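Asks: Before we start, here is the structure in question, set down as C-alpha cells.
A short reminder: the numbers here are calculations on the coordinates, not readings from a lab. Everything quoted here is computed from the prediction, not taken from an experiment. So basically every Cβ, Gly included, is an ideal-geometry build from the backbone, and we count neighbours across all protein chains shown.
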C-alpha cells in the first residue's frame, strides 16, 4: 500500500488526551487527530469561522503506524487563567467569575525529548501524492500538538513510496544503542513499541479503543489501536556521538548503492 514516512521530534510535544479543564494529560504517542491536523495544515485546509473546526474528512482514508523511537518523559506545567484581570473566566450562568474567585488553576502535561517515526499509508495514490507535495511546502506552519512546539526537522522523511510500513522497520532509530551483552560478539537488541490503527493479524492481543478520530464540528470518535513491541538490532540505533541525520544519510547512501 503506498504512503509516506514522517519523523516527529522536538524538545517538547503534546498529544492531548481526554481530560478535564484542571488537568490536561498527553498521550504517549501522536494521536490520529493531531497527525491528520498536521497534514491538513500542510494542505492549507482552513477552519470554518462559524464552528472553529476544519473539515478533515478528505483525509479519513489515511492510516497511521507509529514507531516510538524515544518515548521521552512526561513533564508538568502549571497554569493559571483569569487571575488579576478585570474580565475574568466566563461562567455557565452568564457573566464572569468574581474578582476574588476569578483565578482557575490547571496542570498541562507534555512530552520532553520524544521521537516518533510514522508510516502513513493509503490506497488513494492521488491523495498520497497531494499530502507529500504539501508536506514539502506546507501552507500553514506545522507544530507538534501546540503552536509553540515546532518540529526539530521538517516532518516529511520519505515519500511517496510503495510500502512505508516495511520501510519503517528498516529505518535507523532516533535513539542511542542498547549495549551488547558483556563478552558477546553478536549485536544487542532494542525493544521498540509500535502503535497501529489497522489489525496486524499477528495473533497478538486485540486492539484497545482510543478517542482521537477527528469528526466534523470539533468532535472526536473512537478507533481501535494495536500496541506491539518489536525487536530491532541495536545496529539500527545511534552509536556514541552519532547524529541521527548523519546516520540517516548513511542509510540512504547504502540503500542507493545496493539497488
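Asks: Among 252, 78, rank each residue by its count of other Cβ atoms within 10 Å, from fewest to most, as a rough exposure measure.
Replies: 78, 252
Asks: If we count other beta carbons within 10 Å of each Cβ, what is the order of 176, 60, 232, fewest first?
Replies: With the sparsest Cβ surroundings first, the list reads 60, 176, 232.
Asks: Which whole-percent values make up P(r) of region 1-82 when all C-alpha to C-alpha distances are grouped in 10 Å steps starting at zero?
Replies: 13, 39, 35, 12, 1
Asks: Something else: Please report 63, 136 as a ranked list, fewest other C-beta atoms within 10 angstrom at the top and most at the bottom.
Replies: 136, 63
Asks: A further question follows. Sort 108-115, 205-212, 29-36 by the packing proxy (mean of other Cβ within 10 Å over each peptide's residues), most packed first.
Replies: 29-36, 108-115, 205-212
Asks: Another one. P(r) for the chain: what percent of alpha-carbon pairs falls in each 5 Å bin, starting at zero?
Replies: Binned Cα distances yield the sequence 1, 5, 11, 15, 17, 16, 12, 8, 6, 4, 3, 1, 1, 0, 0.
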